[in-house]
Amino acid sequence: MATAHSISGQSQAGLVIRPVQPTIGAEIEGVDLSKPLTDEMRNAIRAAVLKYKVVFFRDQALDDASQAAFAGNFGPLYTHPTTRHETANTAVHAINARYDREFEKKLGRKLKAGDAYHTDTSWRLVPTWGAVLRDVNLPEVGGDTIWVDANLAYETLSDELKARLDGKYVTHNFSDSLELAGHEYPIVSHKVVRTHRETGQKILWVNFQQQPQILGVELSESRELLDEVLRQYKRPDVQARFSWRPGTVAFWDNRAAVHYAVRNYGDFPRELHRILIADEPLWTDL
Ligand code: SIN
């Protein structure tokens, strides 16, 4: 029997949840994120993030404080060591290509910035679990963000590639950027194919911003395998491409989705504010 994915909104806790792609991305209507959430709403949003990996809210009116209050419903906020503390809220990280260019000058090398498929804080032993991103200054057109369903990316690999990648570990090296920010951290490795702690899904999890290297194989084989992972991430079938407009908020599960910022807006000072959500204390202290 043929299966079809429905886009009719499902109603939960007064919210309407409409998938934007069959397995990744959903728009949620019926909530004002600047107001306190009921437990029921919070649970329904969390469940939607787990199911769709990234959810979007339109027509919101958040500032840094209300963005942080919303994110705080889902765990402790994590302040990234490279965050420029330009606002009163220390967890708010401004994403702006101009800041990256300034950072590159100090670093003395080009950053593989937003325009590479990545997860947030994969350099940490226990990466942040979620992120809430809102627009601050958008170009009239362009500057979309792409999220990849990293479970579907794994499931649609050939059996041969699955067997080659399963059980392998990958390092992510972010040390020069961290050192510049005065933060010391050892280089750690994670499984290339991780099992999501809550959904049990297998996730193909590589950060192409941070010099990934697969351990236990020759460098040439590491490169070949990473090329295969990248090929998977680039397949439109596993992606949700999202166009921002003023008043948009995105909330994603950083353990399940990989993302990519499309930089096609010249030198427009596009700016988004991101807040990271730490994993549960049991895991963050590992
Ligand atoms: C990010 O890459 O973390 C933010 C996404 C974006 O700038 O579109």
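The values are calculated or read from the model by the stated rules, or taken from the named source; none is laboratory data. Quick caveat: nothing in here was measured; it's all calculated off a predicted structure. Reconstructed Cβ throughout: ideal geometry from the backbone, glycine too, with neighbour counts over all protein chains shown. Protein only, heavy atoms only, side chains kept; ligands, DNA and RNA dropped before computing areas. Shrake-Rupley method; radii C 1.70, N 1.55, O 1.52, S 1.80 Å.
What to note about this one:
- Among residues of the stretch 197-214, those that are touching a Lys or Arg at 6+ places or on another chain (Cβ under 6 Å) and modelled with pLDDT of 95 or more, counted: 3
- Residue within the stretch 111-124 that is of a type in the set (S, T, N, Q), over 15 Å from ARG263 (Cα atoms) and within 11 Å of the ligand (Cβ to nearest atom) present: yes
- Any chance PHE268 is open to solvent by 10 Å² or more (accessible area, probe 1.4 Å) and either over 29 Å from ASP144 (Cβ atoms) or within 16 Å of the ligand (Cβ to nearest atom) (or both): yes
- Residues that are under 21 Å from GLU198 (Cβ atoms), open to solvent by 20 Å² or more (accessible area, probe 1.4 Å) and in contact with a strand residue (DSSP E or B) (Cβ under 8 Å, 6 or more places away or on another chain), drawn from the stretch 152-170: GLU155, ASP166
- Selected residue (criterion: farthest from VAL148 (Cα to Cα)) from residues of the stretch 201-222 that are out of contact with any strand residue (DSSP E or B) (no Cβ under 9 Å at 6 or more places or on another chain) and open to solvent by 50 Å² or more (accessible area, probe 1.4 Å): GLU218
- Answer from ASP59, ASP120 - the residue that is at pLDDT 90 or above, assigned to a loop (DSSP other than H, G, I, E, B) and open to solvent by less than 20 Å² (accessible area, probe 1.4 Å): ASP120
- When residues in the stretch 271-283 are screened for being away from the ligand (no atom under 14 Å from the Cβ), of a type outside the set (A, V, I, L, M, F, W, C) and either in a strand (DSSP E or B) or surrounded by fewer than 19 Cβ atoms within 10 Å (Cβ to Cβ) (or both), 2 of them pass.
- Among the residues of the stretch 129-174, those identified as of a type in the set (S, T, N, Q), more than 16 Å from the ligand (Cβ to nearest atom) and either closer than 21 Å to GLY216 by Cβ or assigned to a strand (DSSP E or B) (or both) are SER158, THR171, ASN173.
- Residue in the stretch 234-263 that is nearest to the ligand (Cβ to nearest atom), counting only those that are more than 25 Å from ARG46 (Cβ to Cβ) and part of a helix (DSSP H, G or I): PRO236
- Of all the numbered requirements in (1) modelled with pLDDT of 90 or more; (2) not in a loop (DSSP other than H, G, I, E, B), ARG98 misses one, and that requirement is (1).
- Across the stretch 142-189, the number of residues qualifying as within 24 Å of GLY25 (Cβ to Cβ) and under 18 Å from the mean Cα position of the chain (by Cα) comes to 12.
- Filtered residues of the stretch 22-56 (kept if of a type in the set (Gly, Ala, Ser), assigned to a loop (DSSP other than H, G, I, E, B) and open to solvent by 40 Å² or more (accessible area, probe 1.4 Å)): GLY30, SER34
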